[in-house]
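Input: a single structure, listed below in structure tokens.
A short reminder: the numbers here are calculations on the coordinates, not readings from a lab. Just so it is clear, the model here is predicted, and its values are computed rather than measured. Cβ coordinates were reconstructed from backbone atoms using ideal geometry, including for glycine residues, and neighbour counts include every protein chain displayed.
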Amino acid sequence: MPADVFTAPLKRPEHVGDDWLEPQQTHYTSEDDAIWNDLFARQMDVLPGRAASAFMAGLEKLDLGKGGVPDFKQMSEELGKLTGWSVVPVPMLIPDHVFFWHLANRRFPAGNFIRTRETFDYIQEPDVFHDVFGHVPMLSDPTFADYMQEYGKAGWKAMRYNRLKALGSLYWYTVEFGLIEEGPDDIRAYGAGILSGPTEAVFAVEAESPNRIMLNVDRVMRTDYVISDLQPTYFVIESFEDLYRQTVERDFDRLYRNLPPAFTYANSAIIDVDNVVHRGTQEYLLRGGRGSGAAPV
Ligand SMILES: [Fe+2]
């Protein structure tokens, strides 16, 4: 890592090396496995018809519903045969530059711990259910798998330009909260943040409140986002090929030089150039959002 690149001052636990990898995956209790199974079942009640076909196919190909927290080694072997990716266990948070380095080498760092019954509905930090159930199925899609690698490669460049916030927005609105248009009037979710929770899986795809706008990489990288509530806006891609193309063909050096350090657009904004699929009422947001008792309509 060049000395002029800023990295977050996270303290590295003594038992992990420079790669921040845990020596092995946590040993899960039967209660942990039961929590995984219950979370899995809850998602399967809402995802068919709402999750992208590529995601549902990935769940199947990797057999993630066979019961209990999946074994990373076994899962990586299967995933490796499909797209050359593997899943590696890390402590809760790892520094950005290490995260990008793993992605650039087709390794997906996944959290080890699983939430408890007390935090079943909402957790701040991503756990193994979010990371594996939410993210890993999409890594079995060859084009999306390439996109994730490109994203990792783009990371260090963004750090050198001090534009990590902008690149982070792209991750947020694609990898975490992305929607895809699978046919006329058929919008599905492929983002892990949507797919690993029951409320947002319905809200993102069907609710009247949020905007749904066709994705434009430049526009997204100038847009703020919400971390701890449902999104006021989702961006929709035509296909994973289109997402990949928009990203690799864009001259990020030039983009970073022209991007201001702060976001230009509010997370609920619709601007002139937007190709709007659905203009949201923002009712949920206007009624106060999370904690206000507002229904996610
Ligand atoms: Fe995530």
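Could you let me know the centre-to-centre spacing of region 12-37 and region 215-232, using Cα atoms, in angstrom? First find each Cα centre; the distance between them is then 31 Å. For K165 and T29, a Förster radius of 45 Å and the Cβ-Cβ distance give a FRET efficiency of 0.70, rounded to the nearest 0.05. Determine the sum of side-chain charges near A262: Lys and Arg each +1, Asp and Glu each -1, restricted to other residues whose C-beta is under 13 angstrom from that of A262. Neighbour charge sum, excluding A262 itself: +2. Label separation (T143 vs T264): 2.7 nm, computed from points 7 Å beyond Cα along the C-beta direction.
If the label point is 7 Å along Cα→Cβ of K157, which residues in region 238-269 have backbone nitrogen under 15 Å from it? Under 15 Å, as judged by backbone N against the label point of K157, lie 244-259 of region 238-269.
Over what distance in Å are the Cα centres of region 140-172 and region 191-205 separated? Answer, in whole Å: 22. Loop-located GluC sites (Glu not before Pro) in region 100-192 (DSSP state not H, G, I, E or B) with no more than 10 neighbouring Cβ atoms inside 10 Å: E118.
Here each label is just a point 7 Å from Cα along the line to Cβ, and for M92 and R257 those points are 4.1 nm apart. Springs between alpha-carbon atoms under 10 Å, Gaussian network over the chain: tell me which of V16, V273, V217 tops the mean-square fluctuations. Evaluated over the chain, the most mobile residue of the options is V273. Rounded to the nearest 500, the helix-only mean residue ellipticity at 222 nm of the chain stands at -11000 deg cm²/dmol, with each DSSP H run of n ≥ 4 adding -39,500 (n - 2.57). Of all segments of the chain bounded by trypsin sites (Lys or Arg not before Pro) found in a DSSP loop with no more than 11 other C-beta atoms within 10 Å, the longest spans 118-297.
For the residue pairs K11/K61; K81/K153; K11/K165; K73/K153; K66/K153; K11/K73, the alpha carbons lie more than 30 Å apart in K11/K61; K66/K153.
About its Cα centre, the dipole of the chain is roughly 800 debye, where the only charges are +1 on Lys and Arg Cβ and -1 on Asp and Glu Cβ. The simple Förster model, with R0 at 41 Å and r as the Cβ-Cβ distance, assigns D218 and E78 a FRET efficiency of 0.65.
Comparing L170, L179, L64 in a Gaussian network model of the chain (Cα springs below 10 Å), the most mobile by mean-square fluctuation is L64.
So, R0 is 41 Å and r is the distance between the beta-carbons of D63 and E118; what FRET efficiency does that work out to, to 0.05? Plugging the Cβ-Cβ distance into 1/(1 + (r/R0)^6) gives 0.90.
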